[in-house]
Amino acid sequence: MARSIEESPEAQRRGYIPPQNDKERFLMRHIEDLARTAESRGIPRYSSFLSDREQVLARAALAKAGCGCWRLEGGYPEAERRLAAIEPEGSWADSPLACVRLECRAAPGVQLPAHRDYLGSLMGLALKREALGDIVLPADRPGTAYVFALEPAARLICEELVQVGRAEVSCTRQPLEELPDLAPAEREKRTAAVSSLRLDAVLAAMLHCSRGAAAALIEAGRVEINHLPTESVHAPVYEGDIFTIRGRGRFALTGLPGRTKKDRQIIEFFQYSS
């Protein structure tokens, strides 16, 4: 069980957090409407791509609607961004999920694009983030990227995308059933010792900065825990939490392996690719 700053052994892991704003409430109503339409008419319905926080809300909405014929699909087994596929028994329709393979050709001495370069170029096509799923850069195929997208976005990418960063790019539709094994990239896990599992202490360890600097980021509204804004430096953190720091990246707290001889808490974490 994850531990928090509370000393009580009954301290519980962070649980379901209800919708916090109008956008999240609208999402849940939309998912419920999709479920009711799918079941009443016997036809499949699909959402756009959802972040992990939105997937939690979608699960709650589908449970509220009493829907049992759904799944979360991102195009490959380890996908982070997924759409909700609500498919009544006996129904059939083409899924809106598609994949585009990008092959970059960089001049000698020019660095191949990174994840942020691909995302920036795709957003430059005026695509909305919810139309795009994961962007996967296989470690064994430098210069190749697989972009998961809704069907209309995939068509636009193939028609319009010609450059990523300083590299020329060619785009080819990739049948999902012919995808190579897209194993998740090995992430470098790091450890640090903190005085407590309080947000400012954990953030300072992850960012290699002072607690004062971490507190300033939190109080400026630049920090989210599991995609929810927080301005409390005292917020407890738990194993499995994801921290988004605007301008500094995204981190996951993967483990609490023990304590040091000086009774400081050891944390294990990694930073997502930029």
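Working note: 222 nm ellipticity from helices only, DSSP H runs with n ≥ 4, each -39,500 (n - 2.57), summed and divided by the residues of the chain, gives -8000 deg cm²/dmol to the nearest 500.
Lys/Arg Cβ at +1, Asp/Glu Cβ at -1, dipole of the chain taken about the Cα centre: which of V223, W92, V147 is farthest positive-ward? After comparing all options, I get V223.
Rounded to the nearest 20, the Cβ-based charge dipole of segment 35-125 about its Cα centre (Lys and Arg +1, Asp and Glu -1) stands at 220 debye.
Using a probe of 1.4 Å, the accessible surface attributed to T191 totals some 100 Å² when neighbouring protein chains are kept in position. Take every Cα pair under 8 Å whose residues are at least 6 apart in sequence, average their separation, divide by the length of the chain, and the relative contact order is 16 percent. Placing +1 on the Cβ of every Lys and Arg and -1 on the Cβ of every Asp and Glu, with no other charges, gives the chain a dipole of roughly 780 debye about its Cα centre. Annotation: lysines with alpha-carbon distance below 23 angstrom to K128 (same-chain offsets under eight excluded): K23.
Label sites at R187 and I17, each approximated as a point 7 angstrom past Cα along Cα to Cβ, lie 1.7 nm apart.
Rolling a 1.4 Å probe across the protein heavy atoms gives segment 137-274 an accessible surface of 52 Å² per residue.
Solvent exposure of segment 26-101, expressed per residue, is 48 Å² of accessible area, with all protein chains present and a 1.4 angstrom probe. Farthest toward the positive end of the dipole of segment 118-227, out of G133, L207, L156, is the Cα of L207, where the dipole comes from beta carbon charges about the Cα centre.
For Cα extents along the principal axes in Å, the choices are [x] 61, 42, 35; [y] 57, 57, 33; [z] 66, 42, 37; which was calculated from the structure? Given [x] 61, 42, 35; [y] 57, 57, 33; [z] 66, 42, 37, the calculated one carries the label [y].
Charging the Cβ of each Asp and Glu at -1 and of each Lys and Arg at +1, and nothing else, the dipole of segment 119-274 about its Cα centre rounds to 820 debye. Here segment 69-115 exposes an accessible surface that is 49 percent carbon and sulfur, computed with a 1.4 Å probe and the other protein chains kept in place. Of the accessible area of segment 158-209, computed with a 1.4 Å probe over protein heavy atoms only, carbon and sulfur atoms account for 44 percent. Length, then width, then depth: along the principal axes, the Cα atoms of segment 14-92 run 37, 27, 19 Å.
Counting only aspartates and glutamates at least 8 places from K189 when in the same chain, those with an alpha carbon closer than 16 Å to its own are E239, D241, E268.
Take every Cα pair under 8 Å whose residues are at least 6 apart in sequence, average their separation, divide by the length of segment 154-265, and the relative contact order is 19 percent. Relative to the current alpha-carbon distance between D263 and K64, full extension at 0.36 nm per residue lengthens the span by 67.2 nm.
Value of Rg to Rh for segment 114-270, rounded to two decimals, is 1.07; Kirkwood radius and Rg both from alpha-carbon coordinates. Rolling a 1.4 Å probe over the protein heavy atoms leaves E32 with an accessible area of roughly 20 Å².
The values are calculated or read from the model by the stated rules, or taken from the named source; none is laboratory data. Remember, it's a predicted structure, so these values are computed and weren't measured experimentally. Because the Cβ atoms are built from the backbone with ideal geometry, glycine has one as well, and the counts that use them run over all protein chains shown. SASA here: full protein model, heavy atoms, side chains in, ligands and nucleic acids out. Shrake-Rupley method; radii C 1.70, N 1.55, O 1.52, S 1.80 Å.
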